[in-house]
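Single-structure report; data block below.
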Amino acid sequence: MEKIVDILNLKKTYADGFEALKGINLQIYKGEILALLGPNGAGKTTLISIICGITKPELGSVAVNGFDVVTQYRETRRHIGLVPQEIHLEPFSKVADTLNYTRGLFGKPKNSALIEQILRQLSLWEKRDSRIVELSGGMKRRVLIAKALSHEPDLLFLDEPTAGVDVELRKDMWEIVENLKAQGTTIVLTTHYIEEAEAIADRVGIINDGKLLLVEEKTPLIRRLGQKALKIDLQERVDIIPQELALYDLKIINDGDAVQYSYETGGHRTGITQLLSDLSAAGLSLRDIQTEQSSLEDIFIGLVNEGSE
């Protein structure tokens, strides 16, 4: 795959001594959606700010489409669109004027057809002559995305794009992101909504304490690190696990009406067949069984907690 961003040994320490980034190595590939997950203060915003040329790195290098973000910052900024978390728009400017103005700032000639295409794509065409102050919060977020796309960037950063947006609008945003990807735009998404990354990302990066804990394709990650839990409903309530079942590390749940058995999804043998046999031998009668797959949120919490130890 062709790289659009290449980050090598990136470090950043602020004047107060806080180490925001501790040797980040990351490659972002053209046409992918990469979700960056991490708690507040993990280093996500610093990383994006350095790539976008807002903050200077202390050590290491960042290249966008082969251009260095420090020594060739004018070239790199032409390739990047940034949608910040906070809504900062000129309240009395019209929607279409906002896009035209931003496009001009990047030295691009006027292109009414392109602006119309972007506005239609984001369901903003009917609002093109509306002033920003007249728009809802969800519409303003769409304008932020349209504004970031106005100079035709190859790479789009979305910093918490659905913060404060209701569930319906959040799903609309996911659809917008997927449409942009289909057109070849590379998207880097930071989010606190784990289900957002699980729904639309191709790869997931997890950052904590200035360190990149992992970057991996979403589906194999869930398969590799995820667990399944087998819930076994019992005919009769239990207070303790029989000694002969100790090796299975069963947990009593639902006030003793069920037990839970966790196993790795990537294992060659799950042990379920032998467990069911041993349950019967121990005098426990089954009423029902059901399995549940670990979510990306479970994996995220586990990795962050592990990295903090």
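The values are calculated or read from the model by the stated rules, or taken from the named source; none is laboratory data. Everything quoted here is computed from the prediction, not taken from an experiment. Cβ coordinates were reconstructed from backbone atoms using ideal geometry, including for glycine residues, and neighbour counts include every protein chain displayed.
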For this session: All but one of (1) modelled with pLDDT under 90; (2) more than 11 Å from the chain's Cα centre (by Cα); (3) in a helix (DSSP H, G or I) hold for GLU195, so report the exception by its number.
Result: (2)
Problem set entry | Scan of the stretch 1-21 for residues that are more than 22 Å from GLY81 (Cβ to Cβ), in contact with a Leu (Cβ under 9 Å, 6 or more places away or on another chain) and not hydrophobic (A, V, I, L, M, F, W, C), ordered by number | ASN9, LYS11, LYS12, THR13
Exercise. Within the stretch 66-78, can one find any residue that is at pLDDT below 95, surrounded by 19 or more Cβ atoms within 10 Å (Cβ to Cβ) and under 24 Å from GLN183 (Cβ atoms)?
Worked result: yes
For this session: Can you work out which of the residues in the stretch 124-145 that are free of Cβ contacts under 8 Å to residues at least 24 places away in the same chain and either loosely packed, with under 15 Cβ neighbours inside 10 Å or touching a strand residue (DSSP E or B) at 6+ places or on another chain (Cβ under 6 Å) (or both) is farthest from ASP172 (Cα to Cα)?
Result: GLU134
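Residue by residue, here is whether (1) surrounded by 14 or more Cβ atoms within 10 Å (Cβ to Cβ); (2) of a type in the set (A, V, I, L, M); (3) modelled with pLDDT under 95 holds:
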| site | (1), (2), (3) |
| --- | --- |
| LEU99 | yes, yes, no |
| GLY107 | no, no, yes |
| ALA148 | yes, yes, yes |
| LEU155 | yes, yes, no |
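Wholly within the stretch 212-309, which helices (runs of 4 or more DSSP H) include no fewer than the required count, namely at least 1 residues that are modelled with pLDDT of 80 or more and under 30 Å from ILE7 (Cα atoms)?
Answer list for the stretch 212-309: 218-225.
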Exercise. Given the residues LYS108, LYS94, LYS127, which is the only one that is in contact with a helix residue (DSSP H, G or I) (Cβ under 7 Å, 6 or more places away or on another chain) and assigned by TED's automatic domain parsing to the domain that holds GLY184?
Worked result: LYS127
For this session: Can you run down the residue pairs with Cβ atoms below 6 Å, 6 or more apart or on separate chains, where the first is in the stretch 36-53 and at pLDDT 90 or above and the partner is among the aromatic types (Phe, Trp, Tyr)?
Result: ILE48/PHE157; GLY53/TYR73
Problem set entry | Close pairs from the stretch 180-195: first over 14 Å from ILE80 (Cα atoms), partner surrounded by 13 or more Cβ atoms within 10 Å (Cβ to Cβ) and of a type in the set (Phe, Trp, Tyr), Cβ under 9 Å, at least 6 apart | THR190/PHE157; ILE194/PHE300
Exercise. Can you find even one residue in the stretch 7-25 that is acidic (Asp, Glu), under 22 Å from GLY66 (Cβ atoms), in the same structural domain as GLY184 (by TED's automatic domain parsing) and touching a residue at least 40 places away in the same chain (Cβ under 8 Å)?
Worked result: no
Problem set entry | Selection status of VAL70, assigned by TED's automatic domain parsing to the domain that holds LEU47 and touching a strand residue (DSSP E or B) at 6+ places or on another chain (Cβ under 7 Å) | no
Exercise. Under 6 Å by Cβ, and 6 or more places apart or on different chains, what pairs join a residue from the stretch 77-95 that is touching a residue at least 24 places away in the same chain (Cβ under 8 Å) with one that is aromatic (Phe, Trp, Tyr)?
Worked result: LEU82/PHE157
